[in-house]
Amino acid sequence: MFRTTYKVPLRLGGEAVRAALPTSGSSGKVSLVRIGEQRRDRAIRILLTASEVVGFAKTGGLADVAGALPPALAHRGHDVAVVMPLYQCARKGAVPVEQTSLRFRVPVGDRGYEGRIWQSHLPDSDVPVYLIEQPDFFDRDTPALGHGLYQFTPTGGGKRDYPDNCSRFLFLCRAVCEVMRLTDFWPDVLHVNDWQTAFAPVFLREVYCKHPDLDLRPHYRKVRVLLTLHNLAYQGSFWHWDMQLTDLDWSLFNPSQLEFYGNLNLLKAGIVYSDLLNTVSPTYAREIQTPYYGCGLQAVLSERRDRLSGIVNGVDYGVWDPSRDKRLAATYDADQPQPGKARCKEALQRQEGLDPRPDAPLLGVVARLAEQKGIDLIAAAVPALLDAGAQLVVLGDGEPWYQHQLEALRGRYPGKVALSFKFDETLAHRIEAGSDLFLMPSRYEPSGLNQLYSLRYGTPPVVRATGGLADSVTDTTPETLAAGTATGFSFIAQTPEALRDTTMRALTIYRDRPNDWKRIMATGMRQDWSWDRSAAEYERLYERLAVPQTVAI
């Protein structure tokens, strides 16, 4: 019988081995294959878990991180595996998934739920992925019916969270701990991400470190936990009676542990129970300790400030690189951006129905149409820019109010405004390459990726100096131009006037000082925001945690 063998690092008798997990048609025994590869002395074993992973399921940037960071870590010599739910989109996706005979049963409230482990690997890598099958919780995403990963569209429109989201992701958090036992993959570090997996360290400490099998306890007690906060606005806050779903003692429902203003807050619980915390930029790590950005959790985070740090997300330059991007009308690089970039601009203008004018500065936007992204600032600031000869192209989906604002602009400025209210990966690449400036006036932006894409594509970003935007874009001033560090344009005030004036400042350089403009483009294109850079910073966090120690219970 043919069986794909995925490379799953295990420890057995002190030797490194690889295991092929049994499929549903096998005998149920795990077959082992010895390997002769050299291991780095400081190799760390990492189990990363997230509710979505690119290649299998995606709604946002979390999936990109969960799909790109593990291969970068593996490339640096570490043993990495990933755990996520088995959604319909993962089951039916382009990356094959394979059923195993590994099963478990855990309580959620007064019911026991069975889970089964499926296996796969991250695209273009040997990093194993364990997918948790539980049909009641995860087999429901059907876009044609308005059913997503976390929300559904009721009759009458809008979006609502699934009412059982607490149960769904508490189950996932328990499943993560079961995966360690069933696959014999005992990590040095468990890396959890956002509220959907933040409760895993609670179960780890309160349940699995006290496992009735005395032989398992030492393994669980050696696991250290890193929690990454991708967006503090989403916390997994549920009413207090959902505490019963955890099957934990109510004594833990107190302000120092699981209770948060009368609710069960899964993210807050993870913050309390994790050994280290990080978020996706140094500036955001500081911002979330303030009332404006802290979303109510600022005091909890300030108490743990010595364990909190920030790492800007990386870019997969295998996908986002204008020198080899097959989606573009022409390729180009930092040494010779023209005529390739000009051809990309002309192709974008024609494709999107804009007047094909090479002299008209083209402003690009790729974003969710939401308050966070400052879409209202764009709608208010752009008329002055269009009157000054600019054009605008927008790609994104979201709240109808912002669509109406942008549609009104298109009506007022025919041939100057192009709108696409959808998700289109190819168009996103073409906007990054064909635009002259990229607008990203976010009210808050934990890390951000589009400004990093814009830098690589020679499209200087105009950003509000917050979070990862402040950490990755250097404002153009006489001093930064002289130093050769200018990569874009930034402002602080959350007003249309600030966005308008900063963009006007950029357009003045674009039109009147072409040599300075070329220097800004080239400096941005040569920046290193690769995942290897990010992985090196995560590696340092893991090294802080991966010191032999045991939790005292």
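Things to note:
- Approximate spin-label separation TYR162-ARG103, in nm, with each point projected 7 Å along Cα-to-Cβ: 2.1 nm
- Average Cα contact separation per residue, the stretch 340-529, under 8 Å, 6 or more apart, as relative contact order %: 21 percent
- Gap separating the Cα centres of the stretch 489-553 and the stretch 400-456, nearest whole Å: 19 Å
- Note on the chain: antiparallel DSSP beta bridges, both residues inside, total approximately 40 percent of the bridges counted.
- Of HIS429, HIS404, the sequence from fewest to most neighbouring Cβ atoms within 10 angstrom is HIS404, HIS429.
- Charge dipole (Cα centre; +1 on Lys/Arg Cβ, -1 on Asp/Glu Cβ; no other charges) of the stretch 396-455 amounts to roughly 260 debye.
- Treating r as the C-beta distance of ARG305 and PHE423 and R0 as 30 Å, the FRET efficiency rounds to 0.25.
- Label selected from (1) 143; (2) 289; (3) 166, the criterion being volume of the Cα convex hull per residue in Å³ as computed here: (3)
- Karplus-derived 3J(HN,Hα) values for the stretch 439-451, using 6.51 cos²θ - 1.76 cosθ + 1.60 with θ = phi - 60°, are 8, 8, x, 5, 5, 8, 8, x, 9, x, 10, 5, 5 Hz; glycine and proline are entered as x.
- Placing a pseudo-label 7 Å from each Cα along the Cα-to-Cβ vector at TYR261 and THR153 gives an inter-label distance of 3.1 nm.
- For the stretch 202-239 and the stretch 74-123, distance of Cα centres in Å: 18 Å
- Panel order for MET84, MET525, MET504, by other beta carbons found within 10 Å of each beta carbon, from fewest to most: MET504, MET525, MET84.
- The packing ranking of peptides 315-328, 156-169, highest mean first, is 315-328, 156-169, where packing means the average number of other beta carbon atoms within 10 angstrom of each residue.
- Cβ charges +1 (Lys, Arg) and -1 (Asp, Glu), total dipole of the chain, debye: 760 debye
- Positive-end residue of CYS295, THR183, THR155, charge dipole of the chain with Cβ unit charges: THR183
- In terms of surrounding Cβ atoms within a 10 Å radius of their Cβ, TYR113, TYR220 rank from fewest to most as TYR113, TYR220.
- Förster-model FRET efficiency, 56 Å R0, ILE492 and ASP215, C-beta, rounded to 0.05: 0.50
- Using just its DSSP H runs of length 4 or more, each adding -39500 (n - 2.57), the chain gives a mean residue ellipticity at 222 nm of -10000 deg cm²/dmol after division by all residues.
- Among the listed pairs LYS345/LYS416; LYS58/LYS92; LYS345/LYS373; LYS92/LYS326, those beyond 22 Å (Cα-Cα): LYS345/LYS373; LYS92/LYS326
Quick note: the coordinates plus some simple rules give every number you see, no bench work behind them. Keep in mind that what you see is a predicted model, and the values were worked out from it rather than measured. So basically every Cβ, Gly included, is an ideal-geometry build from the backbone, and we count neighbours across all protein chains shown.
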